[in-house]
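Working notes, structure below.
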Amino acid sequence: MALVPAAGRGLRMGGHIPKQFLTLGGRPILAQSLTVLQASPVIHEIILAVPQSERQYCLDHIVATGDFPKVTKVVPGGEQRQDSVRHALAEVDPETEIVLVHDAVRPFLTDTMIREVVEAAVKHGAAIIALPMRDTVKYVGAGGVIERTVDRRPLWLAQTPQAFRREWLEEGHRKGLLGGVQATDDAHLIEMLGKPVVVVEGSGENIKVTRPEDLVIGEAILRSRTAARSAE
């Protein structure tokens with residue numbers, strides 16, 4: 001089971017088209033992400049959470065193409081990402097054991113990422129794709145003055161997909177809602193339960209498309225992948 005929050009407004013992108021519907025490689029970013037999820041043998045069903053105002057567009061131009069038969073439901077998203085995931089999670093069959101969550105605007109996930117993060121979640125209960133921090137990190141205080149250099153060795157950059165035991169994810173969202181917590185990823189909610197979340201190393205290509213320059217980078221990644229396939 002995969003949940004795909006795709007209700008962001010994409011304010012940092014400018015323009016009036018939500019970022020998940022912008023074109024990358026001639027197709028909507030959302031469609032690029034769904035293509036990988038659709039092809040994965042470990043994903044059997046996909047639930048989308050999209051803006052209410054874009055739900056019909058998504059049904060007509062994404063779901064109705066017939067390319068994504070694993071998409072079984074398209075639910076209205078919420079004001080925040082966390083709300084969208086919660087709305088989609090409410091539609092999950094209670095017999096489901098593992099739920100994978102993936103941001104619609106990370107179109108460069110791979111089947112390997114999906115398989116490895118799900119395997120880790122089956123073993124440990126919760127797992128995320130992440131990258132070890134490689135840049136030097138500065139802690140900056142008032143006035144833009146560096147206060148100290150942070151040890152980067154234990155720091156990882158969280159990505160998606162992320163996978164969890166269904167009951168953990170439900171409990172995390174329930175307690176997050178009751179406590180007024182606004183988490184920027186689902187792993188945060190699981191951490192707050194005191195549950196272990198393991199990391200699975202991902203890829204620098206697994207970018208989140210949130211700014212105009214990310215589209216340029218994304219097109220370059222697509223060209224590189226196409227060239228690599230042609231060389232095989």
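Based solely on its DSSP helices, what 222 nm [θ] is calculated for the chain when runs of n ≥ 4 H residues each add -39,500 (n - 2.57) and the sum is averaged over all residues, nearest 500 deg cm²/dmol?
-10500 deg cm²/dmol
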Percent antiparallel among DSSP beta bridges confined to the chain, rounded to 5, stands at 50
Across the alpha-carbon set of the stretch 26-107, Rg over Rh with Rh taken as the Kirkwood radius works out to 0.93
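Nearest 20 debye, what's the magnitude of the dipole of the chain about its Cα centre given +1 on Lys and Arg Cβ and -1 on Asp and Glu Cβ?
520
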Here the relative contact order (percent) of the stretch 1-159, from C-alpha pairs under 8 Å and at least 6 apart, is 25
Once amide hydrogens are built 1.01 Å from N within the peptide plane, the residues lying 5 or more places from Q159 or on another chain with amide H under 5 Å from its amide H are I129, A130, L131
A chain fully extended from K70 to Q38 at 0.36 nm per residue, minus the present Cα-Cα distance, gains in nm 10.9 nm
Taking a ≥ b ≥ c as the square roots of the Cα gyration tensor eigenvalues, with a/c under 1.5 meaning rounded and otherwise prolate when a/b beats b/c or oblate if not, the stretch 185-232 comes out oblate
Rounded to one decimal in nm, the spacing of the 7 Å Cα→Cβ label points at A142 and S203 is 4.6
Expressed to two decimals, the stretch 74-173 has a Cα Rg over Rh, using the Kirkwood radius, of 1.08
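Any chance you could tell me what percent of the C-alpha pair distances in the stretch 140-221 go past 14 Å?
When every Cα pair of the stretch 140-221 is considered, 74 percent fall beyond 14 Å.
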Here the FRET efficiency for A90 versus E232, based on Cβ atoms and R0 = 35 Å and rounded to 0.05, is 0.25
Sorted by chain and number, the residues with a modelled amide H under 5 Å from that of V75, at a separation of 5 or more or across chains, are L48, A49, V50
Straight-line reach check, K19, cutoff 25 Å on alpha carbons, 8 or more apart in-chain or any other chain, hits among lysines -> K70, K73, K208
Quick calc: nm separation of the 7 Å Cα→Cβ label points for S224 and H188 -> 2.9
Ratio for the chain, C-alpha Rg to 2.2 N^0.38 Å, reads 1.02
Within the set G176, G218, G26, GNM on the chain using Cα springs under 10 Å gives the largest fluctuation to G26
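None of the figures in this text is laboratory data; all of them are computed from the coordinates on show. The shown structure was predicted, so the numbers you read here are calculated from the model rather than taken from an experiment. Don't worry about glycine lacking a Cβ; one is built from the backbone with ideal geometry, like all the others, and counts go over all protein chains shown.
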